[in-house]
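The next block holds one structure in the form of structure tokens; read it before the comments.
The numbers here are math on the coordinates, done by the rules we state, and not lab data. What you see is a predicted model; the values in this text were computed from it and never measured. Please note: Cβ atoms are built from the backbone with ideal geometry, for glycine as well, and neighbour counts cover all protein chains shown.
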Amino acid sequence: MSGEELVDIVDEDDRVVGRASRREVRARHLRHRSTYILLFNAQSQIFVHQRTATKDIYPSYNDVAFGGVVAAGEDYDAGARRELAEEIGVEGVPLRRVLGFRFDDDNNHVNGVLYTATYDGAMQLQAAEVANGRWMDLDAVIDLAQREPFCPDGIEALRRYLDRLQQASSRNR
């Protein structure tokens, strides 16, 4: 998504209250919609990638989630499918919608939807957005996140996912 593409501006209840360019959203720290896709392989490893240095937010950070800004008029599901295809060339993989959440820090105000997917095929990392990546065990990701910068919204998405798994496990005991 380029800096001139339009993005829906939303309130905390996810109602559209306006539109602005992506560049304006970033400059003015406007609340917008975003998708987060945790990509796992059959061995339950998560794909962790490093963002490029040219990203408009969290440049060169590690990230546990693919996804990004939802375009104006686009719904979350379509945005998630588009982002997965753009960032790593993966299409047609079933996305499981897990939960919606809000994330706020000094630079980023997001209404997000978290998805998971399982995939073991080839990927084509988009050079403009993804510098490199690798499959990692979750405990190794948690350890690495203590030592290296990770996108805080992606880490929040992962935390909420793990909390949801723990709650489900507790109910099933």
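Structure notes:
- Dividing the summed helix terms, -39500 (n - 2.57) for each DSSP H run of n ≥ 4, by the number of residues in the chain produces a 222 nm estimate of -8500 deg cm²/dmol to the nearest 500.
- Interchain or long-range residues, amide H under 5 Å from Val10's placed H: Val17, Arg31, His32
- Size descriptor for the stretch 6-171, Kirkwood hydrodynamic radius: 16.1 Å (Cα pairs only, one decimal).
- A straight line joining the Cα centroids of the stretch 155-172 and the stretch 105-151 runs 17 Å.
- Cβ-to-Cβ counts within 10 Å put Glu5, Glu129 in ascending order as Glu5, Glu129, the fewest first.
- Pair Ser169, Arg134: separation of 7 Å Cα→Cβ label points (nm): 2.5
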